[in-house]
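Asks: Could you have a look at this structure, given as structure tokens, before my questions?
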Amino acid sequence: MLIAVCGKTNVGKTTFFSASTLVDAEISNRIFTTIQPNRGVTYVRTECACKSLKVKCSPNNSKCIDGTRFVPVKVIDVAGLVPDAHKGRGLGNQFLADAMEADGIINVIDISGSTDSEGNPTSGHNPEGDIEFFEKELDYWMLGILKKGLQQTAKRIETTKGKLSDAIYKQLSGLKISQLAVEEAIKEANFSIDSTDEQYLDFLKLLRSKSKPIIIAANKIDITGADRIYEKFRERVNPCSADTELALRKAAEKGIVDYKPGDNSFRTLKELDEKHKQALDRISLLLDTYGSTGVQNIINELVFQKLQMIVVYPVENEHKYTDKKGNVLPDALLLKRGSTAHDLAYAVHEDIGKKFIAAVDVKTGRNISATHELQHGDIISIKAGR
């Protein structure tokens, strides 16, 4: 799974990426600070199965901190977007190609109004246009790709009685869009090759919403006046402060505070001077107001709600919850909601999927079939042949 972090650099998009991954990335006021996309790993947060089992886990592919499991997700920080990017303006074509590589998108906007639509410092900017033009650029870029190829194949589809969904799927194959999503969007939009440009756009908006869910991160909520702008858009955006998240994580690394990403508070571990005390007091006020810095919440909402993923723990020994090396709950895997025990077997290893015999639901001790639908937090022991 891959998440794209998008937006203009000045809105704190690169800061958001750094705050969620702790991968060093250049941060500045230049519009195109991100020339080549930065790649890293972020984490979704969930309660670890070790907590209910009352055992000490030994994570392998993820991290567990005091009963909270952090499961890795790949993330890409793409070049800044400006209006008319779909026409090639700025780094438009590169940006859009990188963004559409992802399964889901976080669009970071400046909710303080201190960045204009071109990414330049300003004051009093209305961020509503930034929300709308971002999706518009994606749709128009997809329109250009689709119409160019679809018109060339229209006659062949008609003469061979081919399926429109096959042609669209093939034309958009590089955008990680499933054929099922194409078929559903065609049906829901009543779309045909002879549709108008407006109908093409309506179809593509629907297809994008099915294939590339977007969540809007209203960054810089900590800046004076941002709360008033946020109130106008609170139903559409998720407030956050990437700077605050980054500061807390760095303070935790230095042993100054006890803090886990997504916590609604922190504990001070060292005596501080007055300047640092005041800074932490401001951070405490932000956490009290919004419940967290918002960064972890946004990642979790995109993965668990928008992308409909669940966390499952595969083990070998259903009695000790271990792998063959004796590691307790070593792996936490992200699977699409609706995945089966057989899907999990393939996720663990292709050979295990091919040689699948049966599985055990460790929590209940019951044998389950290959088609058994898994639930979030399940612990499953896969039985495979040799």
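Asks: Given the C-alpha centroids of the range 99-122 and the range 339-371, what is the distance between them in whole angstrom?
Replies: 41 Å
Asks: Separate question: List every residue whose amide H lies under 5 Å from the amide H of Lys383, counting only residues 5 or more places away in sequence or on a different chain, with H placed 1.01 Å from N in the peptide plane.
Replies: Ile357, Ala358, Ala359, Val360
Asks: Can you give me the C-alpha center-to-center distance between the range 205-235 and the range 260-324, rounded to a whole angstrom?
Replies: Spelled out, the Cα-based centre of one part sits 20 Å from the other.
Asks: Which three extents, in angstrom, do the Cα atoms of the range 316-359 have along their principal axes, listed largest first?
Replies: Its Cα atoms span 27, 22, 16 Å along the three principal axes.
Asks: For Val71, what is the net charge nearby, where nearby means another residue's Cβ is under 10 Å from its Cβ and Lys, Arg count +1, Asp, Glu -1?
Replies: Numbers: positive: Arg45, Lys63, Arg69; negative: Asp331.
Here the count lands on +2.
Asks: Also, quick follow-up: Restrict the search to the range 240-291; then list the trypsin sites (Lys or Arg not before Pro) that DSSP places in a loop and that have at most 15 other Cβ atoms within 10 Å of their Cβ. Intermediate results must be reported in sequence, preceding the final value.
Replies: Values: sites: Arg249, Lys250, Lys254, Arg267, Lys270, Lys275, Lys277, Arg282; in loops: Lys254, Lys270.
Answer in residue order: Lys254, Lys270.
Asks: Expressed in nm², what is the orientationally averaged projection area of the convex hull enclosing the Cα positions of the range 272-359?
Replies: Values: hull surface 38.2 nm².
Over every viewing direction, the Cα hull of the range 272-359 projects on average to 9.5 nm².
Asks: Given H placed 1.01 Å from N in the peptide plane, which residues other than close sequence neighbours of Tyr43 have an amide H under 5 Å from its amide H?
Replies: Distant-sequence amide H within range of Tyr43: Val73.
Asks: For Glu198, what is the net charge nearby, where nearby means another residue's Cβ is under 12 Å from its Cβ and Lys, Arg count +1, Asp, Glu -1? Intermediate values should be presented prior to the final figure.
Replies: Details: positive: Lys205; negative: Asp139, Asp197, Asp202.
That works out to -2.
Asks: Between Ala279 and Gln308, what is the spin-label point distance in nm, taking each point 7 Å from the Cα along the Cα→C-beta axis?
Replies: About 4.4 nm separates the two model spin labels.
Asks: Further, regarding this structure: Select from the chain the helices, each a whole stretch of DSSP H, whose alpha-carbon atoms run 18 Å or more along the helix axis and whose Kyte-Doolittle mean is at least 0.5; answer none if there are none.
Replies: Working: long enough: 128-160 (46 Å, -0.58); 197-211 (21 Å, -0.75); 274-290 (24 Å, -0.64).
Membrane-span-like by this rule: not one helix.
Asks: Would you mind telling me which residue in Leu333, Leu96, Leu285 has the biggest mean-square fluctuation in a Gaussian network model of the chain, where springs connect alpha carbons within a distance under 10 angstrom?
Replies: Leu285
Asks: Still on this structure: Report, in deg cm²/dmol and to the nearest 500, the calculated mean residue ellipticity at 222 nm for the chain, where each DSSP H run with n ≥ 4 adds -39500 (n - 2.57) and the sum is divided by the residue count. Display every interim value, and only then the final one.
Replies: Values: 13 runs with 145 residues, N = 386.
Rounded to the nearest 500, it is -11500 deg cm²/dmol.
Asks: For the chain, set up a GNM with springs between Cα atoms under 10 Å and report which of Asn61, Asn264, Asn300 has the largest fluctuation.
Replies: In the Gaussian network model the winner is Asn61.
Asks: Here's a follow-up. Near Ile299, within a Cβ-to-Cβ distance under 15 Å, what is the net charge of the other residues, with Lys and Arg +1 and Asp and Glu -1?
Replies: On the way: positive: Lys13, Arg45, Lys63, Arg69, Lys74, Arg249, Lys260, Lys306; negative: Asp77, Asp103, Glu245, Asp263, Glu301.
Here the count lands on +3.
Asks: May I pose another question? Determine one quarter of the surface area of the Cα convex hull of the range 310-384, which equals its mean projected area, and express it in nm² to one decimal. Spell out each step's value before the answer.
Replies: Details: hull surface 16.7 nm².
Projected over every direction and averaged, the Cα hull of the range 310-384 covers 4.2 nm².
Asks: Please give the direction-averaged projected area of the C-alpha convex hull for the chain, in square nanometres with one decimal.
Replies: Details: hull surface 89.7 nm².
The Cα convex hull of the chain, projected and averaged over all directions, gives 22.4 nm².
Laboratory data are not the source of any read-out in this text; all were calculated from the coordinates shown. Everything numeric in this text was worked out from a predicted model, so none of it was measured. Cβ sites come from the backbone with ideal geometry, for glycine too, and all protein chains shown count toward neighbours.
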